Every structure is written in structure tokens, then in C-alpha cells.
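To keep things clear, I will list the structure first and then write my remarks on it.
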Amino acid sequence: MKKHAIFFLLMLMICFSGIVGLGAQGIDLPEPRFNPSVQETVRQAVTVSPGTPAAEYLWSLNPGDAAQPMDFSSVAVLAAVGSSDALLPRDIRNNQYFRESVRLRDLAKEAFDYGDYDSSATYAIESQRYARLSDEYVALQLKIRETDTAIGKARDRIAWAVSRGIDRAYPGQFGEAQGSYDEAVSLRGEEQWDPAIAAAQRVLYILADSSERLPLPAQYTVRTWRTERDCLWNIAGYSWVYADPFQWQRLYEANKAKMPEANNPDLIHPGTILDIPSIRGEVRQGMWLAGRSYNPLPPK
């Protein structure tokens, strides 16, 4: 008898407090304002199949009589389909829109169980709307992450180029890369994600082969006249020296003390190690190596 009395009191409390209060705990967003709907909306809801977006997973209904119970997906399933990327961080997958869609789904279920089909349909519609907002939010966060990753790689490549002296050795090439990086940052600020990614990727392309071709040699070992025709004129004309034979005097002045006759630039011996001074601020390092691919000296 006492149990029946308690149940009767609970029913009175439900009538006075209203069905909405049953699921009001844990609200993350303000209570949405609903448009009027009818019981027919509940009966027309479609059961979805795996592979559809999270918005379509939120709740499903066995078609037919509205009095038939609805088959609601579990919270675990909802969390799993919040994004197609299983490695997506929880704070993105379990975002505020997704949590609100789950809350509204639970309200729809409670309203349906109590026979309030109008409220159930309204909550269900809003639940799906918030789920779609969650899908859009997740897609946006993924695009932002892709953009930031591309810009980060471009920034690291720029820093690497500076550490290797590429900015000084090849100012034109480096300037183009720096310009693309600045463009990527600017486009990101304008929320133009794909153009920003493309600009960041251009940085990597521009500086892609620099690691194997830089820096230019700082020294050269003289070879024979008979085989290589080595003389100061020809050496200065090599593309990785000065690409200009008229610059032979620079080599002569820098290596005069090493010459067999200091006052005779025409006489050099094979095996002599010549220093190659920088002519335009380019970075030079190490001995010239036969067979290594060097970029030519940048034009004036």
C-alpha cells in the first residue's frame, strides 16, 4: 500500500513540474526555443544505417504506430560516430553541440515514454539539428588542424633554411619561400583554410632540394692543365665558383701567398688548395667535391 502511495505522489510531481524537467540535469547550452510540431513527425522518423554522419545516428524509430518504442542509440555509439576519425581528440569529438544533441535525444525518449509525442518529436528534431552542428564543428576543427600543421612544417623549413645560411646564399629562392609562408599565415587569419594550406606547401616545394645542394664550396683543389685545363680564369668561370671568368683576380688576391710566384697569376700547381672568398654574401663551406650537385651562384 505504501509503494502505491509513493508512486501516486511521484506522478503528481511529474504533472506539476512538466516533462521537460525530467532531463534537465547536465545542461551545457541554454534551453532552445522550439517550433510547434505534431505527433506525425515522430512516426515519420527514419531508422538509419551504419556509415551515416553523427546527425543521423542520434536516434532512430521503428516506423509504424507512434506508440511503438523508439530504439535510441547508446551514448557509447554516439561518441564513436561523433567523427569518422577514430584518432580525433575527445575534446573535439565530444564538443558542446554533440553533448546538447545527446541531451535532447534523452529528452525525446523520456517524452515519448510518457506519451507526449509532440514534445518527443520537437526534441528529436532539435537533437538532429545539434548533431549536424556537431558534424560541421568537427569538420572545421579538422581543417584548422590540417592548416596549422602545414604552416608549422613551413615555419620549420624556413628556420632550417636560415640556420643553413640559405637566406644569404640564395636570397631570391629564400625570399620566395618567405613570401609564401607570410601568405599562408595571412590566409589562415582570414579563415581561408585550403588556400593557406596550398601556400604553406609551396614553401616546402621551393626549399625541397636545398639540403643536397648547399652550401657552395669554400675551397678548391687545383687539378691539371692537361686534363681539366685548370687556371685561375677557368676556375673563376665554374658555376659553383663565380660563374664569371673575369673574377679570376678575386681568386688571385685571396691566394697570392700560396702561388709558386706571388707576382705571376698564370702559374699555379696542381694540388694547391685555393680559398674561394664570398663575392655576394653567399655562404660557402668545405672543400669542393667532384660529382656533387651545386646550385650556380645566384645572379646579381
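The values are calculated or read from the model by the stated rules, or taken from the named source; none is laboratory data. Since we're looking at a predicted model, the values are computed, not measured. As a convention, Cβ positions derive from the backbone with ideal geometry for all residues, glycine included, and neighbour counts pool all protein chains shown.
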Go through segment 112-125 and report how many residues are within 26 Å of Tyr137 (Cβ to Cβ) and surrounded by fewer than 24 Cβ atoms within 10 Å (Cβ to Cβ). 2
Filter result for Leu274 (under 49 Å from the mean Cα position of the chain (by Cα), of a type outside the set (Lys, Arg) and closer than 30 Å to Asp148 by Cβ): no
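Against the condition in contact (Cβ under 8 Å) with a residue 40 or more places away in the chain and outside the structural domain of Glu261 (by TED's automatic domain parsing), how does Ile206 come out, does it pass? Give the steps one after another, and end with the answer.
Values: in contact (Cβ under 8 Å) with a residue 40 or more places away in the chain: no; outside the structural domain of Glu261 (by TED's automatic domain parsing): yes.
So Ile206 fails the test.
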One residue is enough: does segment 144-156 have a residue meeting the conditions modelled with pLDDT under 90, surrounded by 14 or more Cβ atoms within 10 Å (Cβ to Cβ), among the hydrophobic types (A, V, I, L, M, F, W, C) and outside the structural domain of Leu107 (by TED's automatic domain parsing)? no
The condition from (1) at pLDDT 90 or above; (2) in contact with a Lys or Arg (Cβ under 9 Å, 6 or more places away or on another chain) that Arg292 misses is numbered (1)
If I go through segment 136-173 residue by residue, how many of them are under 21 Å from Ile279 (Cβ atoms) and either touching a strand residue (DSSP E or B) at 6+ places or on another chain (Cβ under 9 Å) or in contact (Cβ under 8 Å) with a residue 24 or more places away in the chain (or both)? 10
I'd like the full set of residues that are without any contact (Cβ under 8 Å) to a residue 12 or more places away in the chain, part of a loop (DSSP other than H, G, I, E, B) and closer than 16 Å to Ala218 by Cα, limited to segment 249-290. Ser278, Ala290
Within segment 212-263, can you find the residues that are among the polar types (S, T, N, Q) and either within 16 Å of Asn295 (Cα to Cα) or touching a strand residue (DSSP E or B) at 6+ places or on another chain (Cβ under 7 Å) (or both)? Gln219, Thr221, Ser239, Asn255
Given the condition in contact (Cβ under 8 Å) with a residue 40 or more places away in the chain, under 30 Å from Ala198 (Cβ atoms) and either out of contact with any Gly (no Cβ under 6 Å at 6 or more places or on another chain) or aliphatic (A, V, I, L, M) (or both), answer yes or no: does some residue in segment 94-115 qualify? yes
